[in-house]
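Trainee: Once you've had a glance at the structure underneath, I'll fire off some questions.
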Amino acid sequence: MPSPEWLTERGIGETRWALVEGDDIIEARVLLDAVVPAGSIVEARLADAGRGGRNAVAVADGEEYLLPGGAAGLAQGAGLSIEVTREAIPGGEAWKRPLARPAEAGAGDDPPTARAVDLGPYGWDDLLEEARSGIVRFAGGELRVFVTPAMTLVDVDGTLPPQELAVAGAQAAAKAIRRHGIGGSIGIDLPTVAGRAARQAIGEAVDALLPKPFERTAVNGFGFLQVVRPRRHASLFELAADRAAFEARALLRRAGREMGAMRIAAHPAVVAVLERRPDWVDALSRQVGGSVGLRPDASLSISGGHVEKG
């Protein structure tokens, strides 16, 4: 089988990347246009020097960045270069602000080298359906993924015998964590199994499939396993939690496959997002070579938007 390859697709409002092995997406991420990528070096001003050498705040281009490790030796108002260590996470909580640290010489990451393609044939729509539904199916069971402020929770359920289901569920969870770019603290709730050897086999199943770096606990007697991974950007599940905007971008992607004048019919919340972003609608119009109208329809589900022609 060929080595995994990074592919990219430029969209309206976002850029998509997928690490593909054969015809399968094994890792993916989405960068929203307004978000500064992790690894970027930006020039900023220290707005708050923090307390006790921690939790300073820097501002660059109107965006606030939290510096958990502080900015040693700098006073409020000083200029500094910062490296973005975690991109902004959707949501209103202050802790979801982007994180940064004072930049060191030679710091920063280059984006992955990727070949531009249409990601549709590789299952991008299936990936989005997993993200919006929170359901990832595998042979004999399914995962249900829940995003909380503290961690991402993965519940494993199915029809297999408990030990078999626990191992298969742990394998599916490890694949989903990578596939959807889940970082930070992750809890996996597995069927309860008896015996240390059985629980050790579950942990080894995760170790075999989830790329490092990460840390994990042993599986406890209640079938719970915790994984902690670096968190540099929002997972696809977190992006899908901002549901109307997520569906608006997905609908623009589908509409962009058509040509000529069109009208987009969608749930009112999705239409409201598009009305607030006339630049997105204009970009779609240029892409399809015709005018684009909008029609709110409350009878449609939030993911049920479609293109009307004629």
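Trainee: Just to be sure I understand, how many residues within segment 181-204 are aliphatic (A, V, I, L, M) and surrounded by 20 or more Cβ atoms within 10 Å (Cβ to Cβ)?
Mentor: Step one: of segment 181-204, the residues aliphatic (A, V, I, L, M) are 182, 186, 188, 190, 193-194, 197-198, 201-202.
After this cut, where a residue has to be surrounded by 20 or more Cβ atoms within 10 Å (Cβ to Cβ) as well, the list is 182, 186, 188, 190, 193, 202.
Residues meeting the conditions: 6.
Trainee: Also, quick follow-up: Does segment 121-128 contain any residue that is over 21 Å from residue 19 (Cβ atoms) and either assigned to a loop (DSSP other than H, G, I, E, B) or assigned by TED's automatic domain parsing to the domain that holds residue 26 (or both)?
Mentor: Residues of segment 121-128 over 21 Å from residue 19 (Cβ atoms): none.
Checked against the condition, which is being over 21 Å from residue 19 (Cβ atoms) and either assigned to a loop (DSSP other than H, G, I, E, B) or assigned by TED's automatic domain parsing to the domain that holds residue 26 (or both), segment 121-128 yields no hits at all.
Trainee: With touching a Lys or Arg at 6+ places or on another chain (Cβ under 8 Å), closer than 28 Å to residue 16 by Cα, at pLDDT 95 or above and among the basic types (Lys, Arg) as the only criterion, which of 263, 249, 253, 229 stands out? Quick ask: steps written out before the conclusion?
Mentor: Working: 249 fails: touching a Lys or Arg at 6+ places or on another chain (Cβ under 8 Å); 253 fails: touching a Lys or Arg at 6+ places or on another chain (Cβ under 8 Å); 229 fails: touching a Lys or Arg at 6+ places or on another chain (Cβ under 8 Å).
None of the others qualify; the one that does is 263.
Trainee: Here's a follow-up. Would you point out which residue out of 59, 20 is in contact with a Leu (Cβ under 6 Å, 6 or more places away or on another chain) and modelled with pLDDT of 95 or more?
Mentor: Numbers: 59 fails: in contact with a Leu (Cβ under 6 Å, 6 or more places away or on another chain).
Criteria check complete, one pass: 20.
Trainee: Cβ contacts < 7 Å: first residue in a loop (DSSP other than H, G, I, E, B), restricted to segment 58-83; second residue acidic (Asp, Glu), any location; separation 6+ or different chain. Result?
Mentor: Listed by first residue and then by second, the contacts come to 76/48.
The values are calculated or read from the model by the stated rules, or taken from the named source; none is laboratory data. Keep in mind that what you see is a predicted model, and the values were worked out from it rather than measured. Using ideal geometry, Cβ is built from the backbone for each residue, glycine included, and neighbour counts are taken over all protein chains shown.
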